[in-house]
1. Please specify each residue of region 213-238 satisfying the condition of being closer than 20 Å to residue 82 by Cβ and open to solvent by 30 Å² or more (accessible area, probe 1.4 Å).
2. Would you mention how many residues in region 203-212 are open to solvent by less than 60 Å² (accessible area, probe 1.4 Å) and either of a type in the set (S, T, N, Q) or in contact with a His (Cβ under 8 Å, 6 or more places away or on another chain) (or both)?
3. Evaluate the following for residue 97: is it under 14 Å from the mean Cα position of the chain (by Cα), of a type in the set (S, T, N, Q) and either within 12 Å of residue 166 (Cβ to Cβ) or open to solvent by 30 Å² or more (accessible area, probe 1.4 Å) (or both)?
4. Does residue 70 satisfy the condition of being surrounded by 14 or more Cβ atoms within 10 Å (Cβ to Cβ) and of a type in the set (Gly, Ala, Ser)?
5. Of 122, 115, which residue is among the hydrophobic types (A, V, I, L, M, F, W, C), touching a residue at least 24 places away in the same chain (Cβ under 8 Å) and within 16 Å of residue 255 (Cβ to Cβ)?
6. Test each condition in (1) open to solvent by less than 30 Å² (accessible area, probe 1.4 Å); (2) over 25 Å from residue 62 (Cα atoms); (3) free of Cβ contacts under 8 Å to residues at least 60 places away in the same chain for residue 246 and report the one that comes out false.
7. Counting only residues that are in a helix (DSSP H, G or I), open to solvent by 40 Å² or more (accessible area, probe 1.4 Å) and closer than 21 Å to residue 240 by Cβ, how many does region 178-193 have?
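The values are calculated or read from the model by the stated rules, or taken from the named source; none is laboratory data. Quick caveat: nothing in here was measured; it's all calculated off a predicted structure. No Cβ is skipped: glycine too gets one built from the backbone with ideal geometry, and neighbour counts run over all protein chains shown. Note: areas computed on protein heavy atoms with side chains; ligands, DNA, RNA excluded. Shrake-Rupley method; radii C 1.70, N 1.55, O 1.52, S 1.80 Å.
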Amino acid sequence: MIDLVRNISARSLRVWQRNRDVYFVTWKTNLVPPLLEPILYLLAFGAGVGALVHEVPYRGESIDYTTFIAPGLLATQVMFQAFFENTYNTFVRMYYQRTFDALVTTPLTLEDVMAGELLWGATKGTIGCAVMMAAVSFFGVLSYPQTLVILPFSFLAGLFFSGLALCFTGIVPQIDSFNFPTFLFIMPMFLFSGTFFPLDVLPRWGQILAQAVPLTHVVSVMREASLGRLTLRAVWDVAALLALTAPVCLLGIFLMKRRLVK
């Protein structure tokens, strides 16, 4: 692992730059879905379910249901954008477009290429979160300026999910195999990380399992920030995510290098 870190240089930003340039060529298709998605979710859950469940108990107080789910949707946006960027899109660049074959003919190392992929995945998660925040703000459910903390935090969260995605990209035999991690890891996190309901309603064993899920920490920090408060519990959630991110990213780079160097 030490050799992997030593082989990562500032040249990895060139890979990030390459992916950014491609992103802006197709910016319309990249920006419209994250802009419309929160509106659909908030209308369906806020106006639909929210009409039946006006308020939910959350850490000793009752808050409006739409206010409750809005930061959860921001967290899931980061997860989906970063994870799918470094699974499906990275696989396409690696296997179908042969982009990595071209990149390693330059002074870039394989570690540089993978680090650039991770940085871009985290950036894409942050962009998706920022666009979604702009749309959600019109519903008046975010407290400013504390909510702005979500933006730098979303980069850290995006880096974790990018690293997780790269781990799967390093081992799947074909692109269709991504259905398994999506079904077994991403969808359970989406449903049971406190996005749509307080975790307190789960049985004790369910609460313990939910605390072991990384998205739970992301949702917790974003919800506290959107409510205009930064608590010690949020500091613990950030620390937990920091502790997970570095090893997951390094493992992802290791698995991708093992796959590409034969």
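1. So the first thing to find is which residues in region 213-238 are closer than 20 Å to residue 82 by Cβ, and the list is 213-223, 225-226, 237-238.
Across region 213-238, the qualifying residues are 213, 238.
2. Number of matching residues: 1.
3. Here the answer is no, as residue 97 does not meet what is asked.
4. Criteria met by residue 70.
5. 115
6. Status for residue 246: all satisfied but (1).
7. 3
Yes/no per residue for (1) open to solvent by 40 Å² or more (accessible area, probe 1.4 Å); (2) on the phi > 0 side of the Ramachandran plot; (3) modelled with pLDDT under 90:
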| residue | (1), (2), (3) |
| --- | --- |
| 161 | no, no, no |
| 170 | no, no, no |
| 176 | yes, no, no |
| 201 | yes, no, yes |
